[in-house]
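In what follows, a single structure is set out as structure tokens and then discussed.
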Amino acid sequence: MPREIMDESGKEWRCVGKVEELARKKCQRLYSAGGKTWDLALFHSKGVFYAMEAWCSHLGGPLFTGDIEDYKGRCHVMCPWHGYMFDLKDGSNEIGLKQEVHDVKIENGDVYILYRTELSLTTPE
């Protein structure tokens, strides 16, 4: 399984694992080779994967430990610290907070995220 795939625009698709393994958890942390501030949260809901910044834009709560909720007909993650809801598709929030989201694709049974650094399910050494 290739770890990275370069697309026509020069962006890099980072392979984070197999669909059947990653789909077992609704929320999980992806560790960035660039350090903690670059970590992502990977979400799986109703057969769809989403990726966004791991840390809440309000006060830095760990979104990868949040709950996925159906809110106003769309999938959201609820920050475990203060209950702010973020749309998994676009990162928006009702009070103007915003999370950066990243494209996710499935190819040959693998999950890829368009991102600037390598990503891993385990802490980098």
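Lys18: which lysines have alpha carbons under 29 Å from its alpha carbon, excluding same-chain residues fewer than 8 sequence positions away? The qualifying lysines are Lys26, Lys36, Lys46, Lys89, Lys98, Lys105.
When only Cα pairs under 8 Å and 6 or more residues apart are kept, what is the percent relative contact order across segment 32-125? Mind showing how you got there, number by number?
Details: 160 pairs, mean separation 23.5, N = 94.
Averaging sequence separation for qualifying contacts and normalising by length gives 25 percent for segment 32-125.
Segment 74-125 to segment 15-52: how many Å between their Cα centroids? About 7 Å separates the Cα centre of segment 74-125 from the one of segment 15-52.
Under 13 Å from the Cβ of Lys89, count the other residues' Cβ atoms, weight Lys and Arg +1, Asp and Glu -1, and hand me the total.
Details: positive: Lys46, Lys72, Arg74, Lys98; negative: Asp70, Asp87, Asp90, Glu100, Asp103.
Summing Lys/Arg as +1 and Asp/Glu as -1 gives -1.
Report which label in (1) 39, 29, 28; (2) 39, 33, 25; (3) 157, 23, 19 holds the value of Cα extents along the principal axes in Å derived from the coordinates of this structure. It is the value labelled (1). Around the Cα centre of the chain, unit charges on the Cβ atoms of Lys, Arg, Asp and Glu (plus for the first two, minus for the last two) sum to a dipole of about 260 debye. Charge tally for Lys72 (other residues, Cβ to Cβ under 14 Å; Lys, Arg +1; Asp, Glu -1): -3. Normalised per residue, the accessible area of segment 39-95 is 47 Å², obtained with a 1.4 Å probe and no contribution from ligands, DNA or RNA.
The values are calculated or read from the model by the stated rules, or taken from the named source; none is laboratory data. None of the values given here were measured: they were computed from a predicted structure. For neighbour counting, all protein chains shown are included, and Cβ atoms are generated from backbone atoms with ideal geometry for every residue, glycine included. For the accessible areas, the whole protein counts, side chains as well, though only heavy atoms, and no ligand, DNA or RNA atoms are used. Shrake-Rupley method; radii C 1.70, N 1.55, O 1.52, S 1.80 Å.
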